[in-house]
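*Asks:* One structure is given below, represented as C-alpha cells, and several questions about it will come after.
The values are calculated or read from the model by the stated rules, or taken from the named source; none is laboratory data. The structure presented is a predicted model; accordingly, all values stated were derived computationally and were not measured. Here the Cβ is made from the backbone with ideal geometry for all residues, glycine too, and neighbour counts use every protein chain on show. Each accessible area value is taken on the protein alone, full model and side chains, heavy atoms only, with ligands, DNA and RNA left out. Shrake-Rupley method; radii C 1.70, N 1.55, O 1.52, S 1.80 Å.
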Amino acid sequence: MYTSSWCALVLGLVVAPALVPAAPLPATGQTSPRKSSVVLPFNRHKHSRRVVARDANGGDVLGGSVGLGDSADLFYTVAVTVGESTTAVNLDTGSSDLWVMSTACHTKQCQQTSSQPYDVTKTFKPSGHSVTLNYGDSVTGTHASGPVGRDTVTLAALTMANQTLAAVNDTDNSAVSNGGAGILGLGFPAQSFVQEAAITAEFPSISGTDTFVEQIASSGPFLSRLVSNDMIDEPLFAITLQRDTIDVSGQGQITIGQLPEGVDNSSITWVPVRLYDPADGGLQAPSFAPNEKYPLRWEVEIDGVYLDGKKLPDSKQQASGIQTPSLSALIDTGNSLIRGPSDVVTDILKQVSPTFAGNPSAQPILPCDAGHNLTFQIDGKFFPVDPRDFVSQFLPDDAVNCVANNVVSTDPPSMGALFSWNLGDPFLKSNLVVFYYGNLTHPSVDPPRIGFLSLVPQNADQLLDQAVDEAQKDGGDFESTAEAAPTSSILIKEGGSAAPTLTTSASTATSSAPSHSTNPSLAAKPASTTAAPSQLASQSSSASLSYRLLDGHGVWYFFLLPTLSLLTSLCVL
C-alpha cells in the first residue's frame, strides 16, 4: 500500500536506534511540504484511521479510508489498481515481486478466485520476457508464471507509471484463492526476479550488477521505486495484523512513511537486518560501491526461543551445503505459520501435546485452554506469540480439544537463505513490526533494520480462556471472520469533498461464520522468501526466466547470484 503525494499531516517518526546509527526521523507532529505517508487500516477498522496523501492529479488529500482484507488469518490482502483493473493481492514481506492473475489464466486456482483478473489486452506493455516464480519449501511448492511488462500501478493514493510486474497466466498458488489474485512483494530489490527479467529484456548484453542497481528507480519493485524517487516521508513501513480466528480482536493496519499513531520510537526495539556476503548468496557489490554488503530479505538474528518461560535447546539440524550460520529469523507476512528447525519444533509439540509425545506421527492435540507461550528473544528482549495464536480448532463442534498446527517444521538454512526460523502471521498478530530500508545503495551509511513492539496483553491467557468458554457455549465452534479487501477507497480532498479513487466498484463483503477448520496447511502459504536473482548474463538469448523462491529453507533455487542494491533511503509498505 502506498500513497503518492505529499503530506499534509504526518505522524512523526522518531530517531533511529542508537544500535544502528542513521539520520534522525522527524519529531511527532512535524509536517513535510513534499512527500507523504499513509495509514491503511484493515477492513473492519477502515473508518478509524486517516490516509494522508495527495491524489494522482496533484490535489491535496486531507484524509480518508482504504481497507485491507483478511481471510481467517491466512491471507492478508490489499486492493491495487493495475492499468484499468482493480484486484486484491496478498501482502508479502518475504518476496519482492508484484504479480497479478491475468485474464489469460485458466488454471483451477484462477477459476476459483472471486477477485477480478488483470486485463492484459488494454494497457499492459510486454517486455518480451517472462518469468516463472516458484514458492515454497521442500514440503510445499507452487508456481506463478507469465509475461513481464509494465503498466501504471496505484495503491491508495500512490501511483507509479511504467511499473514492472508479471501478468500471470499459469499458477497453482493459493494467493489466487480466498478472493486474492496475486502477490505484492514488499522485500528488497535483491530478490526481484521481475526486475531482472525487465532489465535483461532492455539491456541484453550487460554483465554485473551496476546497471541493475542504476535501474531500480525506473524498473525496480513498486515500493522500491517509490522510495528511490523520494515519494515517501520516511524509508519505513509498519505492520500489525488483526486476529480473525479463535478470538476476533486486535487492530491490524499498515502505515507507510510513518510509525502508527500513538507509537513512540523509544518503545521500539531496533535490530539490524542481516547482510549477505556474495559467498553466502548475497549481492555482488557494484563497481561504484565495491565495499558494500547488502540485505537479501527482512531477516534478523535472534538470541533464542522459549516455551512457557524455558529456553529451548539450540537446533542440531545441519545446514544444507554451507557451514551452520548464526541463529536468525525471516519476518514474513506471506507465511500464515511459524516455521522452524524440525528438531526444535518436534520438541515444542512433544511438550505441549501428550498425543504427539506418544506418537510423533499423530496430530499435536492439546486442550484449547492450555495457554502455552512461545517466545522469541531478540536483542535481549522477549517477543511472545499470543496463546490465542498458538492453537487452532481441530474438529467442528469441539472447543475442548485443539491442535498446535501453527508451528511447523521446515528446511534447514542453505545458500542464499541462512535463516532457520520463519516468523509469519501468528508472530505479526502478536507484535508490531517496523521495516526500515535505510540507504540501499550504500547500506553502511544508513543500515536497514527492523523494529519490534510486543502487543500481547498481560491477560492473554485469560482472554484465551474466555474465547474457549464462549465457543463451548456456542456449540463448540470458535468464531472466524473473512474480510474481503475493498476494491475502492474514499479520499477526502481539500475543501471537504469526498471522492472515490482507484477503482470502479466498492466490494467490502465481510462474512463471519463458524470455523470448522482453521488449520492453515503448509500448502495454504501463498508466498515467502526468495533466493537472490541470478546474475545478469553477458548474453541472454532466453526470453523466459525461471526462479525458485525459497521459503527460508531448502536448496531449491536454480540461479543464486547477486544482483542489486537499492537507491537512497527507502520506504516500504
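*Asks:* Would it be correct to say that ALA175 is in a helix (DSSP H, G or I) and not basic (Lys, Arg)? Steps first, answer last, please.
*Replies:* On the way: in a helix (DSSP H, G or I): yes; not basic (Lys, Arg): yes.
Yes: the conditions hold for ALA175.
*Asks:* Can you name the number of the only condition in (1) crowded, with 24+ Cβ neighbours inside 10 Å; (2) part of a strand (DSSP E or B) that LEU453 fails?
*Replies:* If we test LEU453 against (1) crowded, with 24+ Cβ neighbours inside 10 Å; (2) part of a strand (DSSP E or B), just (1) comes out false.
*Asks:* With respect to GLN363, determine if the residue is open to solvent by 40 Å² or more (accessible area, probe 1.4 Å), part of a loop (DSSP other than H, G, I, E, B), without any contact (Cβ under 8 Å) to a residue 60 or more places away in the chain and within 30 Å of PHE212 (Cβ to Cβ).
*Replies:* The answer is no for GLN363.
*Asks:* Looking at GLY371 and the list (1) open to solvent by 10 Å² or more (accessible area, probe 1.4 Å); (2) closer than 26 Å to GLN458 by Cβ; (3) assigned to a helix (DSSP H, G or I), which single condition is not satisfied?
*Replies:* Result: GLY371 passes all but (3).
*Asks:* State which residue is surrounded by the most Cβ atoms within 10 Å (Cβ to Cβ) when the search covers only the stretch 236-284 and only residues that are touching a residue at least 60 places away in the same chain (Cβ under 8 Å) and among the acidic types (Asp, Glu).
*Replies:* Restricting to residues being touching a residue at least 60 places away in the same chain (Cβ under 8 Å) and among the acidic types (Asp, Glu), the top hit is ASP244.
*Asks:* Could you please give the count of residues in the stretch 213-264 that are at pLDDT 85 or above and small (Gly, Ala, Ser)?
*Replies:* 8
*Asks:* Hey, any hits in the stretch 276-291 for a residue that's in contact with a strand residue (DSSP E or B) (Cβ under 6 Å, 6 or more places away or on another chain) and not in a loop (DSSP other than H, G, I, E, B)?
*Replies:* So far as the stretch 276-291 goes, no, none of its residues is in contact with a strand residue (DSSP E or B) (Cβ under 6 Å, 6 or more places away or on another chain) and not in a loop (DSSP other than H, G, I, E, B).
*Asks:* Of all residues in the stretch 150-159 being buried (at least 23 other Cβ atoms within 10 Å of the Cβ) and in a strand (DSSP E or B), which is nearest to the chain's Cα centre (by Cα)? It would help to see each step written out before you state the result.
*Replies:* First pass over the stretch 150-159, keeping only residues buried (at least 23 other Cβ atoms within 10 Å of the Cβ): 151, 153-158.
Going one step further and asking which of them are in a strand (DSSP E or B), we end up with 151, 153-155, 158.
Details: ASP151: 22, VAL153: 18, THR154: 18, LEU155: 15, LEU158: 18 Å.
Taking the candidates together, the pick is LEU155.
Matching residues to (1) of a type in the set (Asp, Glu); (2) open to solvent by 40 Å² or more (accessible area, probe 1.4 Å):
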{"residue": "GLY380", "(1), (2)": "no, yes"}
{"residue": "ASP398", "(1), (2)": "yes, no"}
{"residue": "VAL403", "(1), (2)": "no, no"}
{"residue": "SER409", "(1), (2)": "no, yes"}
{"residue": "ASP446", "(1), (2)": "yes, no"}
{"residue": "ARG449", "(1), (2)": "no, no"}
{"residue": "GLU470", "(1), (2)": "yes, yes"}
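*Asks:* Does the stretch 422-430 contain any residue that is surrounded by fewer than 23 Cβ atoms within 10 Å (Cβ to Cβ) and out of contact with any Pro (no Cβ under 6 Å at 6 or more places or on another chain)?
*Replies:* no
*Asks:* Could you please find all residues in the stretch 104-144 being without any contact (Cβ under 8 Å) to a residue 40 or more places away in the chain and closer than 16 Å to VAL80 by Cα?
*Replies:* ASP119
*Asks:* With GLY358, GLY334 as the choices, which residue is open to solvent by 30 Å² or more (accessible area, probe 1.4 Å) and not hydroxyl-bearing (Ser, Thr, Tyr)?
*Replies:* Going through GLY358, GLY334 in turn, just one is open to solvent by 30 Å² or more (accessible area, probe 1.4 Å) and not hydroxyl-bearing (Ser, Thr, Tyr): GLY358.
*Asks:* Next question. Does ALA217 count as open to solvent by 10 Å² or more (accessible area, probe 1.4 Å), aliphatic (A, V, I, L, M) and under 26 Å from ALA329 (Cβ atoms)?
*Replies:* Details: open to solvent by 10 Å² or more (accessible area, probe 1.4 Å): yes; aliphatic (A, V, I, L, M): yes; under 26 Å from ALA329 (Cβ atoms): no.
No: the conditions fail for ALA217.
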